[in-house]
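Down below is the structure, laid out as structure tokens.
Just so it is clear, none of the values below were taken in a lab; they were calculated from the coordinates. Owing to the predicted nature of the structure, the values given are computational and were not obtained by experimental measurement. Glycine also receives a Cβ, built like all others from the backbone with ideal geometry; neighbour counts cover every protein chain displayed.
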Amino acid sequence: MFQLFQRTIYPLLRDSNEPAYIFKTLAVCFLMAVTACSGNDGGEDSGTVSGDLTLSISKTVIEANGTDAVTVAVMKGETDITSQSKVYMEDPSGNTSSFKETSFSTTTEGDYVFYAYYEGVKTENITVRAFKNIPSLPADSKPEQNTGFAKRVLAVQHTGTWCQNCPYMKRGIDAYLKANPDNCAVFVASHNGDTMAGEASNTINSYLTVSSYPSLSVDLNTSNMIQGALSDADKQAEQIASRVNEVAASGCKTAISVASENAGSSVVVNVKVKSANVENCRVAVWLLEDGIVAAQTGGSSTEVHNNVLLTSSSTVAYGDRIQLDADGAGQNVYRMDVSGAHDLSNCRLVVFTTVPNASGRFVVDNVVTCPLDGQTAFEYE
């Protein structure tokens, strides 16, 4: 550019008789024009950023106390483009507004949905859930460990009070528990077509396309289904043990920690998951009740039904997604209605994780139980 100036403007300044200020002005204009048109002489793209467009939220659960906060950022690959993006938030009342801060806190419970636009492209929605009085999780005995978790198996008994042969499965489960006091199975009774059936049990039975009663599904996997029941309780117990042990031997990729607090007609459940190699993980919380008395075909008029599934935190059988951070940890908090329980002192929680299997279908990876107003810590081998 300087050479161009020497060839054009400088000779005029040197040889002309015109007033010098005219040519000085001309020189300045020339330099400004050339500079404006030349752009980046280094050959680098000065305004383009590459990579996937994502909305980054530091955590998805906060305490609604006005101080616990999340940070909000819009990223294009590794570049922070928050200042160049438009972020929006939908509050629990359904009102959407522009969000111009980089952190968020609240004193109002509910779900807050965030999303952003950059150059006409929208990010995925991320929900931040705010709760008051979140119960504290128990201490992690091995906070640095992300593998070597203890594996438990979810065994769902598909049953109904109208079912003539369902008591055979129940007796087989009782015999299994008696013979295996230190077993790793968590039993749940999913009823169909009776007064103990509900939305949660109907959803599970539909997900597994249960057509035979009784049946026992292991880890919500149709490949691990026991259909029908043996009249010999001990032989049925052996069949259950064989299937449970086979599934348990495959191990797990996730561990679950839970804390719950009874709040009258609802229970607040704090769930944390840790893992090393899981990208797509889901969580569900089920409320169970023991000691429900109801007449049973093939049984008695005062049959006692245990492990009865009352309600779920999710509208789908395999749970809702939990966002795991770079360290493989994630947290969800749920408020569950317990008003449908007969006796809360007979209730407990079942919490499980699901991951996709080889065919892309979600199956249970791990499961734990937790008392109401209680805690369950991460379990290791």
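In Å, what Kirkwood hydrodynamic radius results for region 97-245 from the alpha-carbon pair distances? Spell out each step's value before the answer.
On the way: mean 1/r = 0.0517 Å⁻¹.
Kirkwood radius, region 97-245: 19.3 Å.
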Exercise for the section: Would you list, by chain and number, the lysines whose Cα falls below 21 Å from the Cα of Lys86, excluding same-chain residues fewer than 8 positions away? Expected result: Lys59, Lys76, Lys100, Lys122
Problem - From phi via Karplus (6.51, -1.76, 1.60), per-residue ³J(HN,Hα) for region 311-328 in Hz, x at Gly/Pro - result: 7, 10, 6, 10, 8, 10, 4, 9, x, 9, 5, 10, 7, 9, 7, 4, 8, x
Handout entry: Helical mean residue ellipticity (222 nm; -39500 (n - 2.57) per DSSP H run of 4+; nearest 500) of the chain
Key = -6000 deg cm²/dmol
Handout entry: For the chain: Kirkwood Rh in Å [reciprocal of mean 1/r, alpha carbons]
Key = 24.7 Å
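On average, how much area does the Cα convex hull of region 53-131 cover when viewed from any direction, in nm²?
Details: hull surface 18.9 nm².
Taking a quarter of the hull surface, the average projection is 4.7 nm².
Give me the net charge of Ala200's neighbourhood, meaning all other residues with Cβ under 13 Å from the Cβ of Ala200; Lys, Arg count +1, Asp, Glu -1. It would help to have the intermediate numbers written out before the result.
Values: positive: none; negative: Glu199, Glu289, Asp337.
Net charge in that neighbourhood comes out at -3.
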Exercise for the section: Could you compute the FRET efficiency for Thr96 and Asp325, with r as their C-beta to C-beta distance and R0 at 30 Å, rounded to 0.05? Expected result: 0.65
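For region 39-147, which GluC sites (Glu not before Pro) pass both filters: DSSP loop (anything but H, G, I, E, B) and at most 13 other C-beta atoms within 10 Å? Kindly include the intermediate steps, with their values, before the conclusion.
Numbers: sites: Glu44, Glu63, Glu78, Glu90, Glu101, Glu109, Glu119, Glu124, Glu144; in loops: Glu44, Glu78, Glu101, Glu109, Glu119, Glu124, Glu144.
Listed in order of number, the matching sites are Glu44, Glu78, Glu101, Glu119, Glu124, Glu144.
Once you have the Cα-Cα distance between Ser301 and Asp182, take 0.36 nm times their residue separation minus that, and quote the gain in nm to one decimal. Could the numbers behind the result be given before it?
On the way: separation 119, 0.36 × 119 = 42.84 nm, distance 3.16 nm.
Between Ser301 and Asp182, full extension yields 39.7 nm more.
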Completion exercise
In Å, the C-alpha Rg and Dmax of region 153-376 are 16.8, 54
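Restricting to lysines 8 or more places apart or on different chains, can you count the pairs in region 153-376 with Cα atoms under 16 Å from each other? Before the final figure, lay out each step's value.
Details: Lys170/Lys178; Lys170/Lys235; Lys178/Lys235; Lys253/Lys272; Lys253/Lys274.
Going through region 153-376 pair by pair, I get 5.
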Practice task
Excluding residues on the same chain fewer than 8 positions from Lys142, give the aspartates and glutamates whose Cα lies under 16 Å from its Cα.
Solution key: Asp327, Glu379, Glu381
